[in-house]
Amino acid sequence: MRRLRQESGTVLLLVLVVVTLLTALIGDFAFSTLVDLRMTETFRDRTKAYYLAKGGVRFGRMMLQEDDNDYDDRNETWAQAIIGYEVGDGVVSITIEDHDGRLNLNRLVTSQGNTDVVIKERLLRLFEVLEINDGAELTAALIDWLDPDSDPEDLGAESDYYQGLAAPYPAKNGPFDELQELLQVRGFTPERLKLLKPHVTIWGDQKVNVNTASRELLLALADEMESEAAEAIVSARQEEPLTGIRQLKELPELEQSYGFIFRYLKVTSSSYRVTAWAEAGSGISNLTADIEKDGNQILYFKVD
């Protein structure tokens with residue numbers, strides 16, 4: 001009888017152990033299932049957000065193609081940001097910026113590897129207008145970063161300098177793919193990049209769109225440009241976009257400077273940046289596309 005009781009106790013203990021193990025296994029399985037479910041939902045939401053943002057980029061390109069106004073102005077349809085537009089169970093925001101109202105830093109060095117003196121002088125003046133004191137050193141470092149050779153400019157920096165840093169890397173010796181790369185160039189800090197961003201780009205041709213250029217960039221166009229001349233341009237285009245460069249000649253304030261700047265200006269743009277941000281559930285996506293309006297070409301596409 002005593003032996004039977006011992007056996008019964010052993011069986012009960014085994015049952016308790018098995019039940020405990022099963023409970024732990026079921027709990028672990030339930031947790032794994034919940035994690036898998038959350039991961040699936042996150043992937044689903046991210047995918048939704050990505051395609052919403054991609055649709056936003058496509059819509060931005062359509063807006064640019066449908067814009068039949070020959071003279072770009074900040075009041076045009078493409079320049080009006082779309083913020084928080086609801087699409088299904090998500091939202092999308094779209095902004096479009098004009099590249100041609102800015103100074104193209106990639107044009108500082110020509111395709112033959114030579115320095116473009118006009119762009120160089122314009123950049124030096126822009127640094128001065130923005131009260132960035134070491135503009136000569138920054139410009140030289142930019143030229144060395146862009147040109148194909150390994151011979152440093154006076155005050156410049158080639159790969160020897162960058163390879164000596166705590167986290168070494170070579171000079172690119174080629175054009176920028178995105179403006180953020182400026183932070184890799186000697187002397188450029190996040191604060192300076194923030195100052196420069198409204199006035200510079202890495203797309204577009206040598207000419208600047210006078211209808212969308214900043215006052216600071218207008219001042220940097222030529223040594224002969226006075227603040228009164230830049231203000232006169234801003235005031236004139238606010239009343240009505242300029243439809244021809246010769247209209248500047250009619251402004252009394254540009255009597256001295258018109259002959260020095262007219263050949264480097266235009267009144268239309270062809271390069272733009274479309275940025276689309278989308279959110280769906282817990283998923284967020286941000287896409288950037290640099291667009292050449294003529295031919296509706298994508299020059300650069302980035303997923304953040």
Study note, to complete from the structure: In nm, the gap between the two label points placed 7 Å beyond Cα toward Cβ at ASP223 and GLU239 is 3.2
Review point. Taking the Cα centre of segment 204-304 as the origin, how large is its charge dipole in debye, to the nearest 20, when only Lys and Arg (+1) and Asp and Glu (-1) carry charge on their Cβ atoms?
Key: 420
Exercise for review: Treating cross-link reach as a plain straight distance, find the lysines whose alpha-carbon is under 27 Å from the alpha-carbon of LYS197, omitting any fewer than eight places away in the same chain.
Suggested key: LYS54, LYS120, LYS172, LYS207, LYS266, LYS293, LYS302
Study note, to complete from the structure: In Å, the C-alpha Rg and Dmax of segment 257-304 are 17.0, 57
Review point. What translational D, rounded to a whole number of µm²/s, comes out for segment 80-156 from Stokes-Einstein when the hydrodynamic radius is the Kirkwood one over Cα pairs, at 20 °C and 1.002 mPa s?
Key: 142
Review point. In sequence order, what are the phi-derived ³J(HN,Hα) couplings for segment 232-239 according to the Karplus relation 6.51 cos²θ - 1.76 cosθ + 1.60 with θ = phi - 60°, rounded to whole Hz, with x for glycine and proline?
Key: 5, 5, 4, 5, 5, 6, 5, 5
Practice item. Would you calculate the separation in nanometres between label points at ARG263 and GLU231, each defined as 7 Å from the Cα along the Cα-to-beta-carbon direction? Key: 3.1
Practice item. Would you please give the residues with an amide H less than 5 Å from that of LEU265, counting only those at least 5 places away or on a separate chain, with H modeled from the backbone geometry? Key: VAL208
Exercise for review: Could you run the Karplus curve 6.51 cos²θ - 1.76 cosθ + 1.60 with θ = phi - 60° over segment 293-304 and give me ³J(HN,Hα) per residue in whole Hz, x for Gly and Pro?
Suggested key: 4, 5, x, 6, 8, 8, 7, 7, 9, 9, 10, 8
**Study point:** Spherically averaged projected area of segment 112-248 from its Cα convex hull (nm²)
**Key:** 9.3
Revision key, fill the gap. The equivalent-ellipsoid semi-axes of segment 202-304, taken as the square roots of five times the Cα gyration tensor eigenvalues and listed largest first in whole Å, are 35, 14, 12
Practice item. Measure off 7 Å from each Cα along the Cα-to-Cβ vector at GLN180 and ILE298, then give the distance between these two points in nanometres to one decimal. Key: 1.7
Point to revise | FRET E, pair ASP151, ILE83, Förster distance 41 Å, beta-carbon r, rounded to 0.05 | key: 0.25
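All of the numbers you see were taken from the coordinates with simple rules; none came from a lab. Only a predicted model underlies this, so the values are computations on that prediction, with no experimental measurement involved. Every residue, glycine among them, receives a Cβ derived from its backbone with ideal geometry; neighbour counts consider all protein chains shown.
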